[in-house]
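Undergrad: Attaching a single structure in structure tokens format; questions to follow.
The values are calculated or read from the model by the stated rules, or taken from the named source; none is laboratory data. In this text the structure is predicted, and so the values were computed from the model without any measurement. Cβ placement follows ideal geometry from the backbone for every residue including glycine, while neighbour counts extend to all protein chains displayed.
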Amino acid sequence: MSGVVIVGAGQAGLQCAASLRDGGYHGAIALLGDEPHLPYQRPPLSKAVLLGKQGANEVALRDAAWFTDQRITFHPGLRATGIDRAARRVATARDDMAYDHLVLATGAHARSMVLPGAGRDGVLTLRGLDDALALKAALDAAQHVVVIGGGFIGLEVAAVAARLGRQVAVIESAPRLMARAVSTAMADAFLALHGAHGVTVRLSARVAAIEGAGRADAVRLADGTRLPADLVLLGVGAAPDATLAGAAGLPCPNGISVDADMRTPDARVFAIGDVAWHPNPHAGGHIRLESVQGAIDQAKCAASAILGHAQPYAALPWFWSDQFDAKLQIAGWGAGHDQAVPRGDPASGKFSVFLYRAGRLVAVESVNRAADHMLARRLLAAGRSVPPALASDLSADLKGLAA
Ligand code: FAD
């Protein structure tokens, strides 16, 4: 028995190792991570870590002793460089490793931009712990912060920077914020929230160049506007790290293609987490999820399949984002919705938006209404809907519907 080799020691890789042991797997488990750190949580990197409320040593998911206790061999700072599927071996910068099953949990990296000046000092991206520490140091020294990209990470960083008293501008090429992830109603509410905290948001705006003599000192827009910037964050999304799988001949249309058991067309090889292009019953097709919960659920699913009792991945996706005092929680998959029903008044800072596709509830977005979120998770997981008229009626008791 060669055991299981897991490439990528992030949320998904670690969970898979833990679930294999919890499920009674007795063989060897090797977890390879190309970062020098213990596996850690990424959500605090754009929130508490930047605010200085959580230190670098407080984000680890498990301490070193746990790996010893669990007989999981963790290889920090070791990158897998190739896969020989016929020989069932993974090449690394050190020795090759043999596997019975291989789990690819290589995640994603921050997208870069082809843009004049994108390589200047003071232009940063955020994906890993080292990025967050560099960004925090730069934020401490900055006065004018420009965030390119109005998605979750860009907006979370903008919120922190504004809280720290910096002048902040967000440049978004789409006509609204978080366009890929939330409804127009929710995007409008966050536009107002950022505006109320002094963040300048420019929608439908194109960046022409990042200017400066060596170091960035301004961002120039296509309409000629020049925004002062001693710190620029490129927050334009994440791209899956599927190079290893692609080079090994596995199909990678947008991430690594897997079936409902998170298995690639090679029965010995699985892919999970941000890198997995998987069939999602809630989305009605193949997607990649970039969420902690998705990584955890998919890791459990792959572990089950390796343990010989496959349970197809069907868990409800859910996600959260913290910006200023707004906790946004999203249950379900709202892309392609054709009706959005508000519950509560956005101006109150506590409201939800129920999203429907062809008359059926598909997702619920909530701001500071944790009870709505929990209820939505129960309803959607059970395949239940709520009539739109009830959803919008604050006096209606929705709990009965979920019971
Ligand atoms: P990752 O956590 O990216 O781990 C993959 C690991 O594999 C990395 O360490 C990578 O370096 C390593 N690797 C890649 N290639 C190799 C190789 N060849 N050899 C060895 N190692 C390799 N989700 C939420 O639900 N809520 C949030 O609020 C939230 N906030 C976020 C904030 C930030 C700043 C970021 C970056 C993400 C956030 N997410 C959030 C998303 C969530 O963190 C990810 O969905 C989750 O971490 C995905 O886990 P993963 O294991 O698939 O990938």
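Undergrad: Looking at segment 98-118 only, could you name the residues that are over 24 Å from residue 247 (Cβ atoms) and more than 24 Å from the chain's Cα centre (by Cα)? Give the steps one after another, and end with the answer.
TA: So the first thing to find is which residues in segment 98-118 are over 24 Å from residue 247 (Cβ atoms), and the list is 113, 115-118.
Of everything in segment 98-118, those that are over 24 Å from residue 247 (Cβ atoms) and more than 24 Å from the chain's Cα centre (by Cα) turn out to be 115, 116, 117.
Undergrad: Shifting gears a bit: Please identify the pairs in which a residue from segment 24-40 that is in contact (Cβ under 8 Å) with a residue 60 or more places away in the chain has its Cβ atom under 6 Å from the Cβ atom of a residue that is more than 8 Å from the ligand (Cβ to nearest atom) and not aliphatic (A, V, I, L, M), counting only partners at least 6 apart or on another chain.
TA: Listed pairs, sorted by first residue: 27/3; 30/73; 32/75.
Undergrad: Let me ask you something else. Only residues that are assigned to a strand (DSSP E or B), out of contact with any Lys or Arg (no Cβ under 8 Å at 6 or more places or on another chain) and buried (at least 16 other Cβ atoms within 10 Å of the Cβ): list them for segment 169-209, please. If you could, list the steps in order and put the result at the bottom.
TA: Narrowing segment 169-209 to residues assigned to a strand (DSSP E or B): 169-171, 200-202, 207-209.
Still in the list and also out of contact with any Lys or Arg (no Cβ under 8 Å at 6 or more places or on another chain): 200-202.
Across segment 169-209, the qualifying residues are 201, 202.
Undergrad: On the basis of being within 13 Å of the ligand (Cβ to nearest atom) and not polar (S, T, N, Q), does residue 119 make the cut? Let's see the steps before the verdict.
TA: On the way: within 13 Å of the ligand (Cβ to nearest atom): no; not polar (S, T, N, Q): yes.
Considered against the rule, which asks whether it is within 13 Å of the ligand (Cβ to nearest atom) and not polar (S, T, N, Q), residue 119 comes out as no.
Undergrad: Can you name the strands (runs of 3 or more DSSP E) wholly within segment 26-93 that have at least 2 residues being over 25 Å from the mean Cα position of the chain (by Cα) and within 17 Å of residue 104 (Cβ to Cβ)? Spell out the reasoning first.
TA: Working: elements: 29-33, 72-76, 80-84, 89-92.
Here the list reads 80-84, 89-92.
Undergrad: Another question, then. Out of (1) within 20 Å of residue 231 (Cβ to Cβ); (2) surrounded by fewer than 23 Cβ atoms within 10 Å (Cβ to Cβ); (3) acidic (Asp, Glu); (4) more than 14 Å from the ligand (Cβ to nearest atom), what's the single condition that is false for residue 100?
TA: Tallying (1) within 20 Å of residue 231 (Cβ to Cβ); (2) surrounded by fewer than 23 Cβ atoms within 10 Å (Cβ to Cβ); (3) acidic (Asp, Glu); (4) more than 14 Å from the ligand (Cβ to nearest atom), residue 100 fails exactly one: (1).
Undergrad: Can you tell me which residues in segment 174-220 are over 26 Å from the mean Cα position of the chain (by Cα) and of a type in the set (Val, Ile, Thr)?
TA: Within segment 174-220, 210, 219 qualify.
Undergrad: Which of the following residues is surrounded by 14 or more Cβ atoms within 10 Å (Cβ to Cβ), at positive phi and not charged (D, E, K, R): 235, 224, 212?
TA: Working: 235 fails: at positive phi; 224 fails: surrounded by 14 or more Cβ atoms within 10 Å (Cβ to Cβ).
Within the list 235, 224, 212, the selection yields 212.
Undergrad: OK, next. Count, please, the residues in segment 135-168 that happen to be outside any helix (DSSP H, G or I) and surrounded by fewer than 24 Cβ atoms within 10 Å (Cβ to Cβ). Please lay out each step first, then the result.
TA: Taking segment 135-168 as the starting set, the residues that turn out to be outside any helix (DSSP H, G or I) are 142-151, 164-168.
Going one step further and asking which of them are surrounded by fewer than 24 Cβ atoms within 10 Å (Cβ to Cβ), we end up with 142-144, 151, 164-167.
Final tally of qualifying residues: 8.
Undergrad: Pick out the one residue from 337, 373 that is in a helix (DSSP H, G or I), at pLDDT 95 or above and either surrounded by 19 or more Cβ atoms within 10 Å (Cβ to Cβ) or of a type in the set (Lys, Arg) (or both). If you could, list the steps in order and put the result at the bottom.
TA: Numbers: 337 fails: in a helix (DSSP H, G or I).
Exactly one residue qualifies, and that residue is 373.
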